[in-house]
1. Dipole of the chain (Lys/Arg Cβ +1, Asp/Glu Cβ -1, origin at the Cα centre): which of I41, M93, L9 lies farthest to the positive side?
2. When the Karplus curve 6.51 cos²θ - 1.76 cosθ + 1.60 is applied with θ = phi - 60°, which whole-Hz ³J(HN,Hα) does each residue of the range 96-113 get, with x for Gly and Pro?
3. So which trypsin sites (Lys or Arg not before Pro) in the range 1-89 pass both tests, a DSSP loop state and at most 11 other Cβ atoms within 10 Å of the Cβ?
4. Starting from the Kirkwood radius over alpha-carbon pairs of the chain, derive D by Stokes-Einstein at 10 °C in a medium of 1.306 mPa s and give it in µm² s⁻¹.
5. Hey, can you grab everything whose amide H is under 5 Å from the amide H of L88? Only 5+ residues off in sequence or another chain; H modelled, so Pro and N-termini drop out.
6. Calculate one ³J(HN,Hα) per residue across the range 13-30 by plugging θ = phi - 60° into the Karplus curve 6.51 cos²θ - 1.76 cosθ + 1.60, and present them in order as whole Hz with x for glycine and proline.
7. By a straight-distance test (C-alpha under 18 Å), which aspartates and glutamates pair with K99 as possible cross-link partners, with residues fewer than eight away in the same chain excluded?
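Read-outs: derived from the displayed coordinates by stated rules, not from any lab. All values derive from a computational prediction rather than experimental measurement. We place every Cβ from the backbone using ideal geometry, glycine too, and count neighbours over all the protein chains shown.
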Amino acid sequence: MKDNLNILLVEDNLLNQRIVTFNLKKYNHEVVIANNGVEAIEKFREYKFDVILMDIMMPVMDGLEATVRIREIESSDNIDKRTPIIALTANTMDNDRDKCLSYGMDDFMAKPFNIEKLKSIFYELKIPT
């Protein structure tokens, strides 16, 4: 993977935050953490991210609603390049993937976190590696 991707990790579970951050930092990526969808939107407005890893089930605002709002911001601000959003979730039913994509996410990754799977998704989405 390319050095220094700016990644927004939206995850409410501290252990999951640590595991994902540890793995991403091995590749010299910058990781900003949001604990829920509301924080994700705030951080999205504040910083430019190369990719967002979005948990689905969180308190305050879930990942689906946060994704819709981020896409609305991109549209209203006429942002040229949409930020890839990858669902990172324990929900692994076939319709969960379809649901995530229908809300504006670009791909879907089941937990537990797997760096090799994420690298494959980055390749498929043409995220610079």
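1. Of the listed residues, the answer is L9.
2. Taking θ as phi minus 60°, the curve returns 5, 4, 4, 4, 4, 5, 5, 8, x, 6, 9, 7, 9, 9, 7, 7, x, 4 Hz for the range 96-113.
3. Details: sites: K2, R18, K25, K26, K43, R45, K48, R69, R71, K81, R82; in loops: K2, K26, K48, K81, R82.
Answer by residue number: K26, K48, K81.
4. Numbers: Rh = 14.4 Å.
Value of D from the Cα-based Kirkwood radius: 110 µm²/s.
5. Residues meeting the criterion, in which the H sits 1.01 Å from N, are M54, D55, I56, M109.
6. 8, 4, 4, 4, 4, 5, 5, 5, 4, 4, 5, 6, 5, 4, 9, 6, 7, 8
7. D55, D62, E65, E72, D107
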